[in-house]
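Inspection log for the structure reproduced underneath, given as structure tokens.
The values are calculated or read from the model by the stated rules, or taken from the named source; none is laboratory data. Keep in mind that this is a model prediction, so the values were computed, not measured. Cβ placement follows ideal geometry from the backbone for every residue including glycine, while neighbour counts extend to all protein chains displayed.
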Amino acid sequence: MLHNDKLEQWDRDNFFHPSTHLAEFARGNLPNRVIKGGSGCHIEDRDGNRMLDAFAGLYCVNVGYGRPEIAEAIAEQARELAYYHSYVGHGTEASITLAKMVLDRAPDHMSKVYFGLSGSDANETNIKLIWYYNNILGRPQKKKIISRWRGYHGSGLMTGSLTGLELFHKNFDLPLTQVLHTEAPYYFRRDNLDQTESEFVAYCVAELEAMITREGADTIAAFVGEPLLGTGGIVPPPAGYWPAIQAVLDQHDILLVADEVVTGFGRLGSMFGSDHYGMRPDLITIAKGLTSAYAPLSGSIVSEKMWAVLEQGTDENGPIGHGWTYSAHPIGAAAGVANLELIDKLGLIENARNVGAYLNAEMHAALADHSHVGDVRGEGMICAVEFVADKKNRTFYNASEKIGPKIAAKLLEQNKVIARAMPQGDILGFAPPFCLTRDDVDQIVSATRQAIKGIL
Ligand code: PLP
């Protein structure tokens with residue numbers, strides 16, 4: 001669209017980039033990356049460099065780039081009706097159809113879906129619904145929310161508080177006081193190296209129980225967690241973790257929010273991570289994979305149990321006081337319908353499962369023995385390589401060494417493969433589009449091995 005030799009300067013002069021070292025960018029020490037096109041698993045910048053995007057944008061372009069079916073659905077919706085709101089019973093064919101498609105795919109005990117725009121706002125909605133629920137049930141003191149260290153749930157005021165990463169708290173006066181953080185189910189980083197996996201699960205459960213006892217179960221409303229920790233390090237839970245946590249929550253009448261922004265719609269090789277790991281959530285957060293990021297759209301899927309109380313609340317108090325102008329935006333909804341149809345038509349979840357298993361196996365075979373690779377882990381179409389300073393004693397790099405960013409930069413410069421240096425600094429993440437092929441896997445794995453060679 002814009003072929004302008006001033007673009008780089010305009011970018012530095014005008015554009016506030018999220019999650020960016022602002023001063024380094026302004027000084028020109030971070031490159032401008034102007035992305036112009038994409039097709040399948042590849043994107044192209046304005047200089048014509050073609051890159052294999054092994055992180056699907058921000059693990060969201062699940063069907064791959066350049067899908068005409070979705071582009072046409074968006075264009076058709078924009079021509080017919082770009083916008084109408086969804087307040088007071090209004091809807092569009094696209095939003096109503098998408099709600100039906102989401103519920104058809106969700107666990108059986110879910111009842112309705114509220115559509116928002118981003119994973120962050122969907123989690124904000126969830127917390128409001130939880131507080132409303134407990135107020136209607138006459139227990140206004142049951143409001144605290146437990147999330148985990150290393151969890152990622154967004155970067156708003158409440159969602160940034162739920163996020164258990166220091167970068168998202170520091171200097172923003174977060175977390176808010178209603179939020180408590182408990183142990184992350186991160187076996188590789190356990191403090192006690194003598195613990196077996198099941199002992200570690202028992203320890204996580206004991207930590208949670210101790211927190212509930214300390215605070216009082218009657219003050220705790222909900223537990224929020226990603227089925228598999230994503231941004232905090234791509235960490236699948238140890239076996240038995242979720243059923244054990246679920247049992248504690250049920251015992252204390254604490255709601256469970258499964259944040260499936262990354263895992264929803266196939267990333268783990270099954271429709272939802274909740275099914276995959278045996279969770280029984282009261283709310284499910286969805287975003288990224290709902291539209292494969294062709295348009296912004298998110299959702300909060302509400303269980304039958306919560307829905308009954310929300311209805312009761314409106315009988316007692318009138319219409320629910322929650323809604324965005326862009327809730328269920330028709331263009332996002334049209335993108336969502338076309339996206340979910342495409343996933344079914346092309347069998348992309350099956351491909352995520354099969355090619356993802358190959359990705360994880362090959363990455364493991366190529367790197368697990370490396371003297372600075374501590375862990376290779378993943379599930380379905382998501383995989384992480386964690387680097388360690390000393391493998392024998394499991395000592396970690398310190399964040400200022402920026403091992404992950406250095407390897408990711410080399411991978412890109414040398415091999416035109418995009419992986420993500422996870423915020424913690426020493427983890428390289430891979431979460432490619434579901435249309436990835438085995439040849440693509442071979443290229444990613446061999447490029448990663450080469451990039452590591454020059455650095456560690
Ligand atoms: N929840 C999870 C699990 C996420 O990974 C993310 C974003 O990466 C979010 C919530 C926030 O979504 P958004 O960036 O769309 O606000």
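I'm checking my understanding of the structure. Among residues of the stretch 281-296 that are in a loop (DSSP other than H, G, I, E, B) and more than 10 Å from the ligand (Cβ to nearest atom), which one is nearest to the chain's Cα centre (by Cα)? Outline the logic, then answer.
Here is the first cut: in the stretch 281-296, the residues in a loop (DSSP other than H, G, I, E, B) are 281-282, 287, 292-296.
Among the residues that remain, those that are also more than 10 Å from the ligand (Cβ to nearest atom) are: 281-282, 292, 294-295.
Numbers: 281: 16, 282: 18, 292: 12, 294: 16, 295: 16 Å.
In this case the residue turns out to be 292.
Suppose we filter 144, 112, 128 for residues that are basic (Lys, Arg) and in contact with a His (Cβ under 8 Å, 6 or more places away or on another chain); which single one remains? Talk me through it step by step, then tell me what you get.
Numbers: 144 fails: in contact with a His (Cβ under 8 Å, 6 or more places away or on another chain); 112 fails: in contact with a His (Cβ under 8 Å, 6 or more places away or on another chain).
The conditions single out 128.
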*Among the strands (runs of 3 or more DSSP E) confined wholly to the stretch 355-442, which include 2 or more residues that are among the charged types (D, E, K, R)?*
373-378
_Among the residues listed as 102, 88, the single one being assigned to a helix (DSSP H, G or I) and under 13 Å from residue 336 (Cα atoms)_ = 102
*asked:* Quick check on the stretch 254-271: of everything there that is free of Cβ contacts under 8 Å to residues at least 60 places away in the same chain and over 20 Å from residue 201 (Cβ atoms), which residue is nearest to the chain's Cα centre (by Cα)?
replied: 260
*Just a yes or no: is a residue in the stretch 314-321 in the same structural domain as residue 81 (by TED's automatic domain parsing), β-branched (Val, Ile, Thr) and in a helix (DSSP H, G or I)?*
yes
*Any idea which of (1) touching a helix residue (DSSP H, G or I) at 6+ places or on another chain (Cβ under 8 Å); (2) in contact (Cβ under 8 Å) with a residue 60 or more places away in the chain; (3) of a type in the set (A, V, I, L, M, F, W, C) is the one residue 211 doesn't satisfy?*
(1)
*Boolean, residue 223 is closer than 19 Å to residue 111 by Cα and aromatic (Phe, Trp, Tyr)*: no
*Residue list for the stretch 209-253, restricted to those being within 23 Å of the chain's Cα centre (by Cα) and either of a type in the set (Asp, Glu) or part of a helix (DSSP H, G or I) (or both)*: 226, 241, 242, 243, 244, 245, 246, 249
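Can you tell which of 4, 32, 14 is surrounded by 14 or more Cβ atoms within 10 Å (Cβ to Cβ) and out of contact with any His (no Cβ under 9 Å at 6 or more places or on another chain)?
On the way: 4 fails: surrounded by 14 or more Cβ atoms within 10 Å (Cβ to Cβ); 14 fails: surrounded by 14 or more Cβ atoms within 10 Å (Cβ to Cβ).
One residue alone meets the criteria, 32.
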_Lone qualifier among 44, 80 - being outside any loop (DSSP other than H, G, I, E, B), without any contact (Cβ under 8 Å) to a residue 40 or more places away in the chain and not assigned by TED's automatic domain parsing to the domain that holds residue 234_ = 44
_Complete set of residues in the stretch 257-280 that are in contact with a strand residue (DSSP E or B) (Cβ under 8 Å, 6 or more places away or on another chain) and not in a loop (DSSP other than H, G, I, E, B)_ = 257, 258, 259, 273, 274
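Quick check on my filter: what residues within the stretch 124-156 are in a loop (DSSP other than H, G, I, E, B) and either among the small types (Gly, Ala, Ser) or away from the ligand (no atom under 16 Å from the Cβ) (or both)?
Within the stretch 124-156, 137, 138, 139, 140, 141, 142, 143, 151, 154, 155, 156 meet the criteria.
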_Residue pairs, Cβ under 7 Å, 6 or more apart or interchain, first in the stretch 301-312 and polar (S, T, N, Q), second assigned to a helix (DSSP H, G or I). List them._
312/136
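With the structure loaded, tell me whether residue 126 is buried (at least 23 other Cβ atoms within 10 Å of the Cβ), at pLDDT 95 or above, within 20 Å of the chain's Cα centre (by Cα) and farther than 16 Å from residue 289 by Cα or whether it fails that test. Full working, then the answer.
Values: buried (at least 23 other Cβ atoms within 10 Å of the Cβ): yes; at pLDDT 95 or above: yes; within 20 Å of the chain's Cα centre (by Cα): yes; farther than 16 Å from residue 289 by Cα: yes.
It is true that residue 126 is buried (at least 23 other Cβ atoms within 10 Å of the Cβ), at pLDDT 95 or above, within 20 Å of the chain's Cα centre (by Cα) and farther than 16 Å from residue 289 by Cα.
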